[in-house]
Structures are given as C-alpha cells and as structure tokens.
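Visitor: Got a structure for you, questions after.
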Amino acid sequence: MATMAKVGPWASSSAERAVEGNRPYHSDPMDWHGPGAADRKRRVFEWRVLLWSLVFPPKRHRISLTVPGLFLMGLSVGIGTAAYNTASNILFITLSLLLACLLLSGLLSWFNFMGTCWRLRPSGAWRAGHETLVTIEVENRKGWLPSYSLWFELATQPRHLPPPEKPEKEMKMREILAAAEKFVTRGRIFLRERLEPRGAATLDWGVKPTRRGEAVVELGAVGSLFPFGFLRKNIGTALKQTVLVWPAQVEYQWTGAVSDHAGASGQRTARAGTGDDLLALRKYEQGDSHRLIHWKASARLGKLMIRQFAAESHDGYVLRLDTPAAVWTRPEQFELLCSFVGTLAEDLYASGRLRGITLNGGPLLETRRIRDLEAVLDELARLQPVEEPGAASGEWGAAKNVITFAPEGARGITAHVDGRQTASA
Amino acid sequence: MSTAAKPRQLNLDELRRLKWLLGGAMALVSLWTVFFLDVEALGLVAVTGSVILAALVWPQLPGRVPALVWKLSVPAIIVAMAADFYFSPDTLPVLIRLAILLVFYRTVSYRRKREDLQLIVLSMFLVVVAGVLTSALGFAFLLLLFTACGLGFLFVITLIDASETEGSRTPEAETAWTRLDWRRFFARLRGVADWRLLAFAATLFTAVVAMSGLLFLIIPRFELASGFFLDRYITRKSRTGFTDTVKFGDVSELIRDESVAMRVDLSDTTGLRESPYWRLVVLDEYTPEGFKVSAGLKGELIRGQRVTQQLRGRQIGREVNAVGGTWTFYIEPGVSRFLPLPGSYSTLRMREVSPLQFSPGHRVVALRTEPMTMTAFQLDEVELTPLLTDARFPQLLKAARETPPAGTGQYRYDPGVNLRGPSGEANEAVLNRVVAEITGGAEMPVEEFTRRAIIWLQSRHAYALSARLPAGLGKDDIVRWLDSNEPGFCEYFAASLTVLARAAGHPARVVAGFHGGVLNGFENYYMVRNSDAHAWAEVYDGKTAWVRADPTPGAVNTPAEIAAQAARQQQDSSWSARVDSLRVLWYRRIVNFDSRAQVQMLDSVKTFTTDSGVALRARFDEFSKRLKDWLQQPWDAARAGRTAGLLAGVVALGWLLARLGQWGWLRWRLWRRPQSFDPVRQKAGRWLSRMRQSTQDRLPGAEDGEVIHDLRRLRYGRRETWPEPRGVFRRAKQARRSARSR
C-alpha cells in the first residue's frame, strides 16, 4: 500500500531540522541520497571520468531495455540492414532518426534523475504482526524541470536470519532462492504525479514485519521508465536503516490475583506517576503529553515545562524476566514469552500499575514515562535466551509484587505473582 | 496534506484524451504520405481519413459501435486483403492498402498500451515505405511531423502508465475521458503548459533533428547489394509520349502539364549557349497511328543490357567542345525509363549498379523497368551537337539493301525501317508530289532538302496544340495533315519531315524528348517541365551522322538563331522556383548522398579544418612577431608609464564589467525569485560549506556546534528567529581560524 502526502518546499523541512537540536552537522542520520543530494562530495571535473561515464554506467546504475525498447532496437537493426542492402538514403535518414531518439531518451532520463534526492525514514513503532509505514521523502532540487514517473524499490528483512532448516532432500535452485527470499518482504511504490521543480513529496510503504528483533529496511533502487518507456533506468541506492521490531501483541488471560502487600490507599509516594498530586515541574521532553504543559510556568521561564504528578498509592508490579536457555528451549515458546511480557507490560503501564522490569538479573528499568516503556520493548525486541541469568539484586530483590514467568507445557506461558499464577498465554 | 499550491498537471482522463489526439494526428500524418505514392488507394485514404477525423473530434463515437462490429472487423480486413491480393497484380499496393486499413482500425478503437505501440509501428511503416518509394521532399517534412507526434505520443503513454493505479475501474470510469469537453480540455492544456518546458522540448527536438543529421552524415556507406528491392513488387507506367510507342497527340498532352519532369545540375553553367535538346527515345518505325521503337531497336537494347554503374559514351581521347562540366540529372518518377541525353558524353554514371539497356549507335540508354523513385545519374564531358555519329549505319544499310533481313529475325535491327513510310498508292502519290514540290525535281544534298522541307512545312502549317485532321479516305493521318493547311503540333511537324525525307530516299526518324528548360536562379540548375516535351526529326546525312532537324515553327536551327536564343535565356526566380530549389537540395544533399559524397564531405571538412588551422597559426605567428618587435623597441619612462596606465585601465575596466555583470545577475535573480534570494542566507550557506570542510577530519568542539547551529538558523530558519548575522559570521571566522591552527 502506498500513499502520498505533500510537504512544502524543502527549505522549510530543513528549517525544522535546523531548530531541532544541537546535533553536529556531519553526523545527521537522515542524510539525503541521490543525484541531487547536497551532501555529496563534489569531485574535481575530469574529462576522463566524464567520457568513461558515457561508456560505462556508474556503480549501481542499471539500464535495461523494456519490450518496446527491444522492439525499437530490432526495428533499428532491420532498417539499418535494409538501408545497407539497398543503399537507400531514406532508410539511412530513418535509421539516424531512430538512433537520435534513443539518444534523446537517455538524455531525458538523465535529466529526470538530475537534482532529485531522497531519504528513508521508517516511521512509528515497528511491531511484529502490525502494519507500519516506511516513509520516503523525495525532493526535486532542479530549478524549473519537473521529474516524472519515479518508483522506489524497498525491501525489509530481519537483520539476523534464523539458521536455515536442514533440507530433507536436495533442493532445486528455485527452492533455494525461495528459501532465501522467505524472510524478505519487497515492495515497489510509485510516485504517480510529477514532482514539481523545487518540490517535495512523501511516499509511504505499508509493511507488516513478521519477526521480532532487528530488521533492516532498505531502499534498493530508484527507477523510472521516463521518457518514452524504451529504457528502464535503475539507480541503486543501498540506503539502509536498521529498526527494532517489538514483539507482537498476544491474547492472555489475567486471573487477577492480588498481591499480599497492598498498600494503604491515598498514600503518597515520591515517585512520578499518574496520580492527582503535583509532584514537580520539569522540562518538556519529546513524547510528553501536551495536556501536561504548565503554560504559566512555561511563559515565565521561557521554555516548556511539564507538570509531574505523584504516582497512585497502589502497588505497582515489577516484571522479572529470566531467560535461561536451559528452560526456554523452544524458539516459538520463547517468542510467545517476549510477546506476552511486552503485552502485559503495556497493559500494566496503561493502567498505571507497572513499576518496571528487570531482565536476566539486570537493573530495574523503571517505567515512568512512555519512553521508558518503549525502551523496555526495545530490550524485549533484542532479548535472547542466555546461559546463566544473573541473580536478582538491589532494592527490588526482595520486593513484592514481582511477576515472574515460566513455561507451561510445550506452548504455553504462565505468569506468577509471589508464587501464585496470575496470567497465562 | 501540505499547504503548498496544487501542481498544475493533467489528470489521468486528460492524459488519455491527449493520447487520443496525438494518436489520431500521427495516423493522419501517415495517411497523408500515401498521397505521394502512385497507388490506387486515394479513395480509401479519403474515407479512412474522414472517419479518423470524426473520431478525433467526437471520441465517444467508437464507443457507440456495437461490439459485434469490432469483433468482425479483423476477419473483414483479412478477407479484404485476400481478395485484394487475388485481384491485384502487384504486391506492394496491396500491402499499403492493408496498412491503411490496420491504421484506421487501430486509430478509431479504444486502445491499451500494446495497441498504442502497434499504431506507431503501422504508421511508421506507411511513412517509411512512402519515403523509400518516392524520395520526395515532402517526405522529409512528414517524417519530422511524424517523429514529433510519435515522441509526444510515447511520452504521454509513459505518463499514463505511471499515473494509472492498480485495481479495476468501472466501464464508465474507463471511458470518462471521451466525455471531456474540448474547450475545457484545451483550457487545461493551456493552464498546464509551461513556456520553459515547451521551449526546452522544442530545443530538444531541434537537437534530435541535428543529431540525426550528423548521424546520417557519419554513418559509413558501402553498398552490399545492387538494386532497390521494393520495385520488384510494384509496376509503374511512364507518361505517354516517352514510351516505346508514341501516338500522335501523346507528346502534346504532356505540353499542358507544368510540373517539373527533371532537374539538371550543371557544375559549370558558363559556355552554355543553347537550349539543349534532351533526347529520350528514338522512334524509327512508322505506323499509321504514329511512330514507335522498332522491334529491331528493342532487340538491340535488350542485347546491349548489362548490370553496371558506368557506361562509356565516346572514345577516349577524342577532342570535343564539352560544356557544362558534370551534368547531374534528377528525373522524377513516372517520366520514362529512357534516360535523357543532351548530346554526346564521355561517361554516364548511375547512383548505384543498375541494369541498363544501351544502344550506342542510336545513343539511347534505358533502364530495364520504369523507376518508382527519382532517378539520378551523371554525364561527363557533354558536347551539345546536332550531329549524332553512327559509323555503323552505312554498312548496315548497304548490307540490308543487298540482303534483306529474314522475317524470322524480327528482333534483329533492320536499318531499312528508317526508309519505310506510309504505304499505299494514295499516300505515295501525295508524298511524291510534295517531294517534287520541295526539290523542284532536282537532286540536292540532304541538308538542302531538309532545309527546304522545313520551310515548306512552316509555310503551310502553323503551330497549335490541337490539330484537326482533314477528312480523306485511303490516306494516313499524317499524309492528310501534310496535304492540308491545318495547324499542328510538334509531333505532326516531326513526323511529316520524317515521312517526306523517307519518301525522298533519305533515312530519317522521329525523336521524342524535351527541349529547353529554365535556369533556376537560386541553385543554378535547369528545370525542365513536362510542358517542355517536344518531338523532332533526325535525318541521315548520307555519310556517318544523323542530323537533328526541328521543323516545328519557333525552333532554332542555325547558329545565329541559337546564339540569339541563348541571349534571351531567362532565369526563373519566382517563389515556385525557390521551393523547387529546396527539392534539388534535398536530392543533392540527402537522396544522392553516397559513399563518394561522404568521402568528399570528409575531405572538405578536413581541408577546411587544416586551412583554418594554418590561417590561425599564421595570424598568431604574425601577432607574436609584432608583439616581440614592439617589446624590443627602446623603453623610456614615458612609454613605460603609458603602457602601465593602459594595462591598469584594461584591468579596471574588466573588473568593472565583471562587477556590473554580477550586480545585474543578482538583480535579475532577486526580481525573478525574491523569496529565495537573500544575501544573508547565501552567506550563511557559504560559511556552512566552509565549516563542513574544516570540521570534516576532526571532532567538532562545542563552539563549532553552536556556530554551526546559528549558521543553519540563518540559512534555513525564519527571519524572526535569526541571531545577529554579523556576530555569527565573525564567530564563524574565528572558529575556522582556530580550527586551522589546531
């Protein structure tokens, strides 16, 4: 699925970038790529390089003939043969015109790509089994020539592919290639309207990742059939971005066992949360809800300030997740575990009952803000079985309301609070 | 969604409408080329062209045709083609009619991409075949028009391809483009058109034409095979008057036609003192309907046939008074298969190896078949003379008198045919009476007889384009006319002189061709029109030569008359002559461009380049020498001061001009796009580039980051958020300086 939205001239998007933060100039992660990218190194002009580029295409540039192009070539060969056979200058004129049209096609194709640049931006959170969008921003930096008929070839695949299954019998080449393509999702999105000079466009590619973990999104090539459909020109980009795919959400059953140590209601805690009592004011950080902005304080101080409330005085849960390889031997069950933990963490956070999570004896990752939850999900995305999980330590070592997880049978997972089963998936 | 202005571009339906328009235009251009061809298809072209035009204007019309009709169209075309093949003697006209039908079918039906490409191929077939068969100048114009339409058509197809979304559309949506209002459509086209893009497209098209011209010149030429292959699939007839049989009136019909029959390029027009007689065909056998090429002469031509590119006309080394330099003939198709020869020549050279029929005694050269395209050939060392030397003729005539040829050898040349005229008592009686009247019963040489016969004819008959034959039984037409006072045309005069000479015992024959022509004032070539068609006689002088005798009133026969006529030679500088000169340029530079011309062109380019280089070098050497002499002159303070002042003035003027140009450029840019041009932003951009270069190889410090941040704010940010520019630039300078020192 591809949708397109327009943005204004590129200068304004660069303005937004300019006011974002004090990031060093040369370490901008969202560089522009393509013939019109300003960050490209300008080489010293050399005739040798120019002449060679006319004969041999640059690296990753592919030009192939389409069916009409093949037909045109065949027609040119036929007319050329007839011209030499009959020494008819009329046929020579026709042949010259056909060859000139082919040259014009190449020249216009070069003009079409000139001044265009693009960048890849996987947007939003990636979650296994959920459709997400990959955004491509395209700009035409030419002064007065538009660009037409561009397409973008995208692909996504897990960064670390699972080991291939041992084949029961010898596989044919087609099967081998199919096996290699099994985890790769490819797509092509088209820029259907022309790209105005000094204009920009945004294209979205909907993709549904299938596996948790690190995934690579790649913009493989930008192509076009412009102008006459004789030649298919592809500019390989090798533009990659690594994204983290969170575990999928799963259905689970919450039996609702309450812990033994419920605190007194109304008791204030010194921890930030979603309660009603104002705890403090702090500087705005990206991700904070706009409803929490303290406008008077912001106007006084000249910067955005956020109200921070104390947490409710009920006990929050701590999720303790240990993944010894000896216990979690089945990969599907392990994936279910990660999905279960992630889903449970989100649900608990949404209801304000999640204090934090600890993974394999590591420190407690407190979840006060949405960003903390996202960090937890990032950890879950990367989580793998370990040989020896560390022992629980620190203040929460003897804490209460700790949810632990254990396998149930060959496929199930159970969650226990203080030794009592409270949920299962 | 962005708040940017919506781009001006055509939507999918408008693109489809534009594609329909371009496809129809392309088809009409290809049908137009059929008019150049002499095939029986003009009615079909008229009908199909009208229907295509109607479908162009009302694109919804094809949608109203029942589906059954579309399904039956292709079988109907196949049946029509089969019937055409069966009934037509030639293959190529059938193929052309088939192509017309297919173009028509594809143009008026709603097409998808594959069918669009079929339309292009079919249209191109018509255009190329017409061009190859006719080599007409109009083909060049139509080819360019077709190329422009074709490229636009392909461009729109590519845009439609890119604009079409996946998923099926309803039939109404598919044909929505046919219901667009033309006025609104053209208004949209006008709104979308950008003059810069149109100018760019026009420039590119011009570049394509120039590039194709350059490719045409440099593509190496070498002939792989002889002969033009398509002429085997179509027959063509020559105009009457220049065929093997010329009936009385055939030549006169041509005189009413003002179209150009041939063009003759002369490399040297000086020395040309007379209007040439362009001999095409020799008609030596008399029939009551007219004169014709005898079977014996035909047989001689066939026996003399050879496949060659060059013929020798005269013996090498013979002294002649050659005029005109090299004569290059461009004969329009349909004139004749006989080649016009103005006189004796040393060499006849065709454009390519061709089968030629040749009779040296009669000085007749003919192609084997009627040519479909323009025929070109060259003659060298042409001598314009009224005499045609035939050394064999006396022996042949003597042998024929002594031993009359047997009836079975009908294709053997019989010189006695030049003495046979109207038979029968009545005819002979009239002829003998007239001969007696001319000679007065005395013996006289051939020249004298010819002169008196011409006077006799001109005194009794005036020239007119129409002749009324008097009644009379038992006599041939020519004898009846001879014996009357009716006016007549050139054929009657020539035929009359011939039969009179034969009756007097002098071999004579009729020759048909052209006489005269007009010099084109633009390109210096002879334009000979069909109206210059003429017939005259040749009388054997009793020794070794045939003497031209033109009895038509107004013809010039004496040297004095010839000189007077040459003085009156006009040049045609009218508009039609100007247009006609383009045709000669087309023939000269394009159609006749062969490997020899290519080598000549390369030689001339090489010579020009070499000469230019030599001239440039000579000028440079001279300049260097003068400068050296000037420098070596004694120097004093005044001279040094003057020189320094001059140099300073030149430098200052150059600097001033550069600054002025820069100022003008900046002002123009500010006028053109004021919103994008800001000197502060420009300077900030320049500083950012410098900072990027200086921080490239090392980690940036905190100060650098702050300066870069401020520079980016100046470059990209809103004016209200700018820090003080001067301070920023000063800090950037300091940061860069300190970066360099580190």
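Visitor: Checking A:A238 against (1) at pLDDT below 85; (2) over 30 Å from A:T116 (Cα atoms); (3) among the aliphatic types (A, V, I, L, M), only one condition comes out false. Which one?
Guide: With respect to (1) at pLDDT below 85; (2) over 30 Å from A:T116 (Cα atoms); (3) among the aliphatic types (A, V, I, L, M), A:A238 is out only on (2).
Visitor: If you scan the stretch B:513-547, which residues turn out to be at pLDDT below 85 and of a type in the set (V, I, T)?
Guide: B:V518, B:T544 - these are the residues of the stretch B:513-547 that are at pLDDT below 85 and of a type in the set (V, I, T).
Residue-by-condition table, conditions (1) within 9 Å of chain A (Cβ to nearest Cβ); (2) among the acidic types (D, E); (3) free of Cβ contacts under 8 Å to residues at least 12 places away in the same chain; (4) surrounded by fewer than 22 Cβ atoms within 10 Å (Cβ to Cβ):
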| site | (1), (2), (3), (4) |
| --- | --- |
| B:V132 | yes, no, no, no |
| B:S135 | yes, no, no, no |
| B:A140 | yes, no, no, yes |
| B:L143 | yes, no, no, no |
| B:G150 | yes, no, no, no |
| B:I157 | yes, no, no, no |
| B:D161 | yes, yes, no, yes |
| B:E164 | yes, yes, no, yes |
| B:R169 | no, no, yes, yes |
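Visitor: Can you confirm whether the stretch B:91-104 contains a residue that is under 13 Å from B:G23 (Cβ atoms), touching a residue at least 24 places away in the same chain (Cβ under 8 Å) and surrounded by fewer than 20 Cβ atoms within 10 Å (Cβ to Cβ)?
Guide: No: zero hits.
Quick grid of which residues meet (1) away from every other protein chain (no Cβ under 14 Å); (2) modelled with pLDDT under 85; (3) surrounded by fewer than 20 Cβ atoms within 10 Å (Cβ to Cβ):
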residue: B:L217; (1), (2), (3): no, no, yes
residue: B:F222; (1), (2), (3): no, yes, yes
residue: B:R232; (1), (2), (3): no, yes, yes
residue: B:G241; (1), (2), (3): yes, yes, no
residue: B:V281; (1), (2), (3): yes, no, no
residue: B:R303; (1), (2), (3): yes, no, yes
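Visitor: Next question. Criterion first (surrounded by fewer than 24 Cβ atoms within 10 Å (Cβ to Cβ) and among the basic types (K, R)) does B:R509 satisfy it?
Guide: In short, no.
Visitor: Filter the stretch B:593-610 for residues that are among the aromatic types (F, W, Y) and either at positive phi or within 14 Å of chain A (Cβ to nearest Cβ) (or both) and give the result.
Guide: Within the stretch B:593-610, B:F593 is the sole residue that qualifies.
Visitor: Which residues, counting only those in the stretch A:230-254, are within 15 Å of A:R62 (Cα to Cα) and not β-branched (V, I, T)?
Guide: Result: A:F230, A:L231, A:R232, A:K233, A:N234, A:G236, A:A238.
Visitor: Out of the residues in the stretch A:83-94 that are surrounded by 21 or more Cβ atoms within 10 Å (Cβ to Cβ) and in a helix (DSSP H, G or I), state the one that is farthest from the other protein chains (Cβ to nearest Cβ).
Guide: Per the criteria, the residue is A:A83.
Visitor: Within the stretch A:318-351, can you find the residues that are out of contact with any Pro (no Cβ under 7 Å at 6 or more places or on another chain) and among the polar types (S, T, N, Q)?
Guide: Of everything in the stretch A:318-351, those that are out of contact with any Pro (no Cβ under 7 Å at 6 or more places or on another chain) and among the polar types (S, T, N, Q) turn out to be A:T329, A:T343, A:S351.
Visitor: On the given criteria, is B:L348 among the hydrophobic types (A, V, I, L, M, F, W, C), touching a Ser or Thr at 6+ places or on another chain (Cβ under 7 Å), part of a strand (DSSP E or B) and within 25 Å of A:N85 (Cβ to Cβ)?
Guide: When the stated conditions are applied, B:L348 does not pass them.
Visitor: Still on this structure, please answer the following. Would you confirm whether any residue within the stretch B:335-356 is modelled with pLDDT under 85 and in contact with a helix residue (DSSP H, G or I) (Cβ under 7 Å, 6 or more places away or on another chain)?
Guide: Within the stretch B:335-356, none of the residues are modelled with pLDDT under 85 and in contact with a helix residue (DSSP H, G or I) (Cβ under 7 Å, 6 or more places away or on another chain).
Visitor: Could you check, for the stretch B:425-437, whether at least one of its residues is under 21 Å from B:T552 (Cα atoms), under 49 Å from the mean Cα position of the chain (by Cα) and at pLDDT 85 or above?
Guide: The answer is no, given that none of the residues of the stretch B:425-437 is under 21 Å from B:T552 (Cα atoms), under 49 Å from the mean Cα position of the chain (by Cα) and at pLDDT 85 or above.
Visitor: Which of the residues spanning the stretch A:130-150 are out of contact with any helix residue (DSSP H, G or I) (no Cβ under 9 Å at 6 or more places or on another chain) and more than 12 Å from chain B (Cβ to nearest Cβ)?
Guide: Across the stretch A:130-150, the qualifying residues are A:H130, A:E131, A:T132, A:L133, A:V134, A:T135, A:I136, A:V138.
Visitor: Follow-up. Restricting attention to the stretch B:414-423, does a residue exist that is at pLDDT below 90, surrounded by 13 or more Cβ atoms within 10 Å (Cβ to Cβ) and over 29 Å from B:T544 (Cα atoms)?
Guide: Checked the stretch B:414-423: no residue is at pLDDT below 90, surrounded by 13 or more Cβ atoms within 10 Å (Cβ to Cβ) and over 29 Å from B:T544 (Cα atoms).
Visitor: Another one. Can you name the number of the only condition in (1) closer than 30 Å to B:F35 by Cα; (2) in contact (Cβ under 8 Å) with a residue 60 or more places away in the chain; (3) assigned to a helix (DSSP H, G or I) that B:F205 fails?
Guide: (2)
Visitor: Looking only at residues that are farther than 18 Å from B:S694 by Cα, assigned to a helix (DSSP H, G or I) and facing chain A (nearest Cβ under 7 Å) in the stretch B:708-722, which one is modelled with the highest pLDDT?
Guide: So the residue we want is B:R713.
Results for (1) loosely packed, with under 13 Cβ neighbours inside 10 Å; (2) aliphatic (A, V, I, L, M); (3) modelled with pLDDT under 90; (4) touching a His at 6+ places or on another chain (Cβ under 9 Å), shown as yes or no for each residue.
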| residue | (1), (2), (3), (4) |
| --- | --- |
| B:A638 | yes, yes, no, no |
| B:A658 | yes, yes, no, no |
| B:L666 | no, yes, yes, no |
| B:S676 | no, no, yes, no |
| B:R690 | no, no, yes, no |
| B:Q696 | yes, no, yes, yes |
| B:G701 | no, no, yes, no |
| B:D704 | no, no, yes, no |
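Residue by residue, here is whether (1) more than 8 Å from chain B (Cβ to nearest Cβ); (2) farther than 30 Å from A:A238 by Cβ; (3) in a loop (DSSP other than H, G, I, E, B) holds:
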residue	(1), (2), (3)
A:P68	no, no, no
A:L72	yes, yes, no
A:T81	yes, yes, no
A:S96	no, yes, no
A:A100	no, yes, no
A:L103	no, no, no
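The values are calculated or read from the model by the stated rules, or taken from the named source; none is laboratory data. On a predicted model such as this, the values are computed, not experimentally measured, just so you know. Every residue, glycine among them, receives a Cβ derived from its backbone with ideal geometry; neighbour counts consider all protein chains shown.
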